[in-house]
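Q: Below are the structure tokens for one structure; questions will follow.
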Amino acid sequence: MTPTHLITVAMEIGDMLLESGAEIYRVEDSMRRICQAYGVDNAEIFAVPTTIIITIRVGNDPPLTLTKRIFSRGTDLYKVERLNSLSREMCATIPPYEEVQRRIEAIRRFPPYSLIKQVLAFSFVAFFFTLLFKGTLSDAFASLFISALTKVIFNALEKIKTNAFFENVICGAVIALCALGFVRSGFAANMDKIIIGTIMTLVPGLAITNSMRDIIAGDLLAGVTKTTEALLIGAGIAVGAAIPLTFLRPFLGV
């Protein structure tokens with residue numbers, strides 16, 4: 001594998017890992033190990049949630065540097081697992097460039113969960129969280145329907161490339177507004193349980209966990225960046241939920 005091919009492959013794997021929700025130290029370590037497996041010990045990788053920079057030097061040749069800007073990040077643990085397996089296999093068997101590219105494209109083309117599956121997952125998570133917080137069965141069913149609507153709206157907002165803060169403001173407002181409607185109609189009894197149970201589907205728990213792992217691993221810049229991002233998402237949820245509660249609740253008498 002030529003140095004150009006190697007740096008391209010390492011960047012593609014690191015890019016997909018970061019976009020799929022992997023920790024920063026995992027991204028940097030995977031890219032470094034791939035370079036070392038192909039005989040390049042002098043590899044410098046710097047990754048933050050929005051950018052990856054890799055520089056390699058082979059012998060007395062001039063260094064090669066590649067930079068990749070990351071515009072979208074999500075959570076796809078299946079891709080993370082497949083990419084980790086590919087990285088380990090590359091380190092163990094040193095496959096040729098064409099084989100690696102074929103495997104990368106297969107992982108890239110693997111379809112995400114369908115909208116129906118995502119909606120069902122969100123709905124049942126909200127349903128059981130509401131019961132966990134001592135809500136009634138009717139409260140849980142209200143959360144189930146609200147979370148299904150929220151997931152559809154969330155995915156629609158993601159498709160038009162809105163920022164995470166705005167997405168969560170809108171979804172938080174939808175949750176609170178629908179909870180008000182269910183309680184006002186008499187279908188459900190505990191508005192607070194409905195809101196809390198449904199909002200749990202939006203809480204960035206994985207982002208907070210990964211930020212702590214990055215900080216513990218010594219990647220302070222990446223950890224602080226992810227922590228700030230998670231706090232902004234939480235603030236967006238709170239602001240969105242507060243809008244209908246502040247302006248509509250007094251008029252509805254709920």
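Q: Taking the beta-carbon count within 10 Å as an exposure proxy, list T51, T136 from fewest neighbours to most.
A: Details: T51 12, T136 15.
Starting with the residue having the fewest Cβ neighbours, the order is T51, T136.
Q: Here is a further query. With charges set only on the Cβ (+1 for Lys and Arg, -1 for Asp and Glu), what does the dipole of the chain come to about its Cα centre, in debye to the nearest 20? It would help to have the intermediate numbers written out before the result.
A: On the way: 24 positive and 22 negative charges, 150 e Å.
I would put it at about 720 debye.
Q: Further question: Let me know the charge dipole size of the stretch 115-252 about its Cα centre in debye, to the nearest 20, where only the beta-carbon of Lys, Arg (+1) and Asp, Glu (-1) is charged.
A: Numbers: 10 positive and 7 negative charges, 57 e Å.
In total the dipole reaches around 280 debye.
Q: Same structure again: Are there any trypsin sites (Lys or Arg not before Pro) in the stretch 123-232 that are in a DSSP loop and have at most 15 other Cβ atoms within 10 Å? List them by number. Walk me through the numbers before you get to the answer.
A: Values: sites: K134, K151, K159, K161, R184, K193, R213, K226; in loops: K134, K161.
The qualifying sites are K134, K161.
Q: Per the helix-only calculation at 222 nm, which mean residue ellipticity applies to the chain, given -39500 (n - 2.57) for every DSSP H run of n ≥ 4 and division by its residues, nearest 500 deg cm²/dmol?
A: Working: 11 runs with 177 residues, N = 254.
Counting only the DSSP helices, I get -23000 deg cm²/dmol.
Q: Students often get this wrong, so try it: which of (1) 49, 46, 42; (2) 77, 31, 31; (3) 52, 35, 31 is Cα extents along the principal axes in Å as calculated from the structure shown?
A: Derived directly from the coordinates: (2).
Q: Can you give me the distance in nm between label points at T93 and T228, each placed 7 Å from the Cα along the Cα-to-Cβ direction?
A: Placing both labels 7 Å along Cα→Cβ, they lie 4.3 nm apart.
Q: Nearest 10 degrees, 0 to 90: what angle lies between the long axis of helix 205-216 and the longest principal axis of the chain (Cα atoms)?
A: 40
Q: Quick one: if the Förster radius is 35 Å, what FRET efficiency do R102 and K161 give, using the C-beta to C-beta distance and rounding to 0.05? Intermediate results must be reported in sequence, preceding the final value.
A: Working: r = 30 Å, r/R0 = 0.86.
With a Förster radius of 35 Å, E is 0.70.
Q: Oh, and also: Positive end of the dipole of the stretch 1-121, charges at C-beta (+1 Lys, Arg; -1 Asp, Glu), about the Cα centre: which of A47, A121, P95 has its Cα farthest in that direction?
A: Going by the Cα projections, it comes out as A121.
Q: Under a crude label model (7 Å from the Cα following the beta-carbon direction), how far is L221 from E44 in nanometres?
A: 1.2
Q: Select from S211, G236, F133 the residue farthest towards the positive end of the dipole of the chain; place +1 on Cβ of Lys and Arg, -1 on Cβ of Asp and Glu, and compute about the Cα centre.
A: F133
Q: Is the shape of the stretch 35-117 rounded, prolate or oblate, going by the alpha carbon gyration tensor and its root eigenvalues a ≥ b ≥ c, with a/c under 1.5 for rounded and a/b larger than b/c for prolate? Intermediate results must be reported in sequence, preceding the final value.
A: Numbers: a/c = 2.68, a/b = 1.52, b/c = 1.77.
Judged from the Cα gyration tensor, the stretch 35-117 comes out oblate (a/c at least 1.5, b/c at or above a/b).
Q: For Y78 and F110, compute 0.36 nm times the residue count separating them, minus their Cα-Cα distance, and round to one decimal in nm.
A: On the way: separation 32, 0.36 × 32 = 11.52 nm, distance 0.96 nm.
That pair, Y78 and F110, stretches by 10.6 nm at full extension.
Q: Output ³J(HN,Hα) for the stretch 35-42: one whole-Hz value per residue in order, computed from phi by the Karplus curve 6.51 cos²θ - 1.76 cosθ + 1.60 with θ = phi - 60°, and x for Gly and Pro.
A: 4, 5, 4, 9, x, 10, 7, 8
Q: Which listed residue (C171, V224, P62) has the Cα farthest towards the positive end of the charge dipole for the chain, taking +1 on Lys and Arg C-beta and -1 on Asp and Glu C-beta about the Cα centre?
A: C171
Q: Quick one: Karplus J couplings for the stretch 56-61, per residue in order, coefficients 6.51, -1.76, 1.60, θ = phi - 60°, nearest Hz, x for Gly and Pro?
A: 10, 9, 10, x, 9, 5
Q: So, one more: Report, in debye and to the nearest 20, how large the dipole of the stretch 3-109 comes out about its Cα centre when Lys and Arg carry +1 and Asp and Glu carry -1 on their Cβ. Please report the intermediate quantities before stating the final value.
A: On the way: 14 positive and 15 negative charges, 43 e Å.
The calculated dipole for the stretch 3-109 is roughly 200 debye.
Taken together, the values in this text are just the output of simple stated rules run on the coordinates, not laboratory data. Please read these numbers as outputs of a predicted model, since none were measured by experiment. Glycine also receives a Cβ, built like all others from the backbone with ideal geometry; neighbour counts cover every protein chain displayed.
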